[in-house]
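As structure tokens, the structure follows; a few thoughts come after it.
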Amino acid sequence: MFYNPVKLIINPGSRANLYNFVQNKRVCLICSQRGHRVIQQDLILSDISPYQTILVDSSADVKQLNSIVVDSEIQMIVAIGGGSVIDSAKIIKHLNNLSVELIALPTTSGTGSEVTPYATGWDYENRKKVGYTDLYPTIAIVDSQLTHNLPLDITVAVGWML
């Protein structure tokens, strides 16, 4: 039997749906430094005013992620980025023991992190991968237009249609 509790919204331009989910909520935005610049320049996503913003890098260093404290007033987490950013958001939510919704907006394809229960982090001190399970996002908004700011070779490599 197939089971996937993630509500999936998939269409070019579907990121506009994000506003319906986050309005009147205290949102924690999790993204990369580059992703944050893209969000600020995006006509749709720039309207989202996060209560807290957490910038992560692609290393998904569990020790680093464990030191991140999400404000107790947060009502929702929004992760915008590639698989490592979405995995980092899942891990941060887990490590902070939060029972809030997580909305994932992937900017590349291939990992499936936006619709899977898994997240992978790295324990660099002990040179090993750390796996987490049962961390489904609540909603995945898959908008191919989010790849338009990527270099063309990356967009082509991850399989999105322009």
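Quick rundown of the values:
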read-out	value
Segment GLN33-THR133, length gained on full extension (0.36 nm per residue, minus Cα span)	33.4 nm
Amide H contacts under 5 Å for VAL130, placed H, 5+ residues apart	GLY121, TRP122, ASP123
Net charge contributed by nearby residues that have their C-beta within less than 14 Å of TYR124 (K/R +1, D/E -1)	0
Whole-angstrom gap from the range 97-111 to the range 113-149, using each part's C-alpha centre	7
Cα-based shape type of the chain, given that a ≥ b ≥ c are square roots of the gyration tensor eigenvalues and the cut on a/c is 1.5	rounded
Theoretical gain in end-to-end length, ASN20 to GLU73 [0.36 nm per residue, Cα-Cα removed]	17.1 nm
Contour minus Cα-Cα distance for LEU43 and VAL100 (0.36 nm per residue)	17.9 nm
Exposed chymotrypsin sites (Phe, Trp or Tyr not before Pro) absent - longest run of the chain, DSSP non-H/G/I/E/B, at most 10 other C-beta within 10 Å	4-162
Helix-only mean residue ellipticity at 222 nm for the chain, each DSSP H run of n ≥ 4 adding -39500 (n - 2.57), per residue, nearest 500	-6500 deg cm²/dmol
Restraint check, LYS7/LYS129; LYS90/LYS129; LYS90/LYS128; LYS25/LYS128; LYS7/LYS93; LYS93/LYS129, Cα-Cα greater than 25 Å	LYS7/LYS129; LYS25/LYS128
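Computed from the coordinates by the stated procedures, all read-outs in this text should not be read as laboratory data. Note that the structure is predicted; figures quoted are calculated from it, not measured. Cβ coordinates were reconstructed from backbone atoms using ideal geometry, including for glycine residues, and neighbour counts include every protein chain displayed.
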